[in-house]
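One structure is given here, and the rest of the page talks about it.
Since every read-out is calculated from the coordinates, none of them should be taken as a lab result. Worth saying up front: this structure is predicted, and the values here are computed from it rather than measured. Here the Cβ positions follow ideal geometry from the backbone for every residue, glycine too, while neighbour counts run over all protein chains shown.
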Amino acid sequence: MNIAFELSGEHATLPRAEAIACLESLNVNFREVAFMDQLLLVDVPEFPPIANRLAMTHHILDVLFVCQANIKSILRLVSTADLGIKGRTFCIRVKNIKSAGLSSTALEKEVGAIIHKKGYRVDLDNPDVIFRLVLTGNKCVFGRLIESVDRGQYEFRRPHQRPFFHPGVLLPRVARALVNISSLSDGILIDPFCGTGGILIEAALIDAQCVGMDVQQKMVLGTNLNLKYYGVDGMLIVGDACETPLKSEKVDAVVTDLPYGRSALIQARSLENLYHDSLREMYRVLKKNKKAVIVSQVPLDKLADEAGFVVIERHQQRVHRSLTRHIIVLQKKSEV
Ligand SMILES: C[S@@+](CC[C@H](N)C(=O)[O-])C[C@H]1O[C@@H](n2cnc3c(N)ncnc32)[C@H](O)[C@@H]1O
């Protein structure tokens, strides 16, 4: 079956990377069919529930057809498609991502009228089946809605909503996407620079066993408060990320946001030393073939390479004029 992920437009590359890594972590045997603006198409033999993990997807569709984004093709294919909704009510939703010249309201009406003519009943308030018609560039994807992501839950976990707050934290949707990009399925995730625990909260909510470290005791106490507030927990350690008290090859994922500015120099001699030594530790504690997802303000390729990692993805996130986050996805290859 062909599945479409309607991706969020909040970032150019993270939403696709998150959806793909999630499929990998759930051991879904998939093939990427196409990636268009805010839309990822994959071919899968079967599809497990996935929306409760994702942060940067809006909806997931069982695709009925893909065609050119022109009214003639769309109406022709809707009238011939096997909709498979016998005896059930339906409604149509149109999302126009970037397709000039087609009106969403007119399309909703015309497509709805064709399906109605086929003998199906419209119910706009409480339909049994929702069909979504997504227009992106010159393409139209038409499908049955299977799942939607509850994006509102991330608002409830915004940094200011938590009992312990400190500036400079990642937003929950970004933190969740990074946890997903680590491809963790089950097992242990470590954030060696846990700060207020934003990454750990998102990881714990998808059942990871979390280990958090911070050199400042107040951060560890605050993380503990934050985890408890959302009904989750983790093993928390006050300590230096350059000397993790864990045995080698014990963790299944590292996801972390490196310190910068003053908070970086609490224990380290220099920023370069801190990054160098902590990356070496991340490499040591990570199991073979597993991933580390690291956020920093500077490119880390050289240090990651020196630690033994292979770079498998790079993303950038512009926060404001003088802050761009570099997000690097690293793997500890087994043959090294
Ligand atoms: C950018 S913040 C992490 C923010 C975190 N992602 C959050 O959501 O709150 C970096 C943290 O690293 C901690 N830190 C600095 N040097 C450290 C070291 N050597 N070992 C462990 N933690 C350290 C700081 O105390 C700070 O809390």
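Considering only Asn273, Leu189, Val329, the residue lying farthest towards the positive end of the dipole of region 154-331 is Val329, judged by Cα position with unit charges set on Cβ. A Cβ-based charge dipole, computed about the Cα centre of the chain with Lys and Arg at +1 and Asp and Glu at -1, lands at about 760 debye.
The length gained on full extension between Ser104 and Met235, counted as 0.36 nm times the residue separation minus their Cα-Cα distance, comes to 42.2 nm. Taking amide H as placed 1.01 Å from N in the peptide plane, the amide H of Val298 sits under 5 Å from that of His326, each at least 5 places away or on another chain. Phi angles of region 297-302 translate, via the Karplus equation with coefficients 6.51, -1.76, 1.60 and θ = phi - 60°, into HN-Hα couplings of 9, 10, x, 10, 3, 5 Hz per residue; Gly and Pro are given as x.
Looking at region 8-148, the DSSP beta bridges with both ends there are about 70 percent antiparallel.
Is the C-alpha gyration tensor of region 154-331 telling us rounded, prolate or oblate? Criteria: a/c under 1.5 is rounded; beyond that, a/b larger than b/c is prolate, otherwise oblate. Verdict is rounded for region 154-331. The label-point distance for Phe156 and Asn138, in a model that sets each label 7 Å from Cα toward Cβ, rounds to 4.5 nm. Residues Glu110, Glu272 in ascending order of nearby Cβ atoms (within 10 Å, fewest first): Glu272, Glu110.
Tilt of helix 217-229 relative to the longest C-alpha principal axis of the chain, in degrees (0 to 90, nearest 10)? The helix 217-229 is inclined about 30 degrees to the chain. Counting beta carbons within 10 Å around each of Lys109, Lys250, Lys72 and listing the fewest first gives the order Lys72, Lys109, Lys250. Take every DSSP beta bridge whose two residues both sit in the chain; close to 65 percent of them are antiparallel. For Lys250, which aspartates and glutamates qualify as cross-link partners when the Cα separation must be under 15 Å and same-chain residues fewer than eight apart are set aside? Those aspartates and glutamates meeting the cut-off are Asp186, Asp191, Glu281. Ordering Ser103, Ser8 by the number of other Cβ atoms within 10 Å of each residue's own Cβ, fewest first, gives Ser103, Ser8. Label-to-label distance, Asp82 versus Ser270, with points set 7 angstrom from Cα along the beta-carbon direction: 6.8 nm. Between 0 and 90 degrees, rounded to the nearest ten: what's the tilt of helix 71-80 against the longest Cα principal axis of the chain? The angle comes out near 80 degrees. For Lys98, the aspartates and glutamates whose Cα comes closer than 16 Å to its Cα, not counting residues fewer than 8 places off in the same chain, are Glu6, Glu10, Asp37.
Evaluated with a Cβ-only charge set (Lys, Arg +1; Asp, Glu -1), region 243-336 carries a dipole of roughly 200 debye about its Cα centre, given to the nearest 20. For the chain, the square roots a ≥ b ≥ c of the C-alpha gyration tensor eigenvalues yield an a/c of 1.5 or more together with a/b exceeding b/c, which makes the shape prolate.
Under 1.5 on a/c is rounded, so check that first for region 216-290, then, if it is not, pick prolate when a/b is larger than b/c and oblate when it is not; a ≥ b ≥ c are the square roots of the alpha carbon gyration tensor eigenvalues.
Oblate, since a/c reaches 1.5 and b/c is not below a/b.
In this structure, the pairs whose alpha-carbon distance is over 27 Å, taken from Lys139/Lys291; Lys117/Lys139; Lys218/Lys290; Lys109/Lys139; Lys218/Lys333; Lys139/Lys290, are Lys139/Lys291; Lys218/Lys290; Lys218/Lys333; Lys139/Lys290. With one equal scatterer per alpha carbon and no solvent term, the Debye-computed log10 I(q)/I(0) for region 167-238 at 0.11, 0.13, 0.15, 0.27 1/Å reads -0.21, -0.30, -0.40, -1.31. Looking at region 134-237 alone, DSSP beta bridges between its own residues are antiparallel in about 30 percent of cases.
The H on the amide N of Leu64, modeled in the peptide plane, is under 5 Å from the matching H of Phe142, Gly143, Arg144, each at least 5 residues off or on a different chain.
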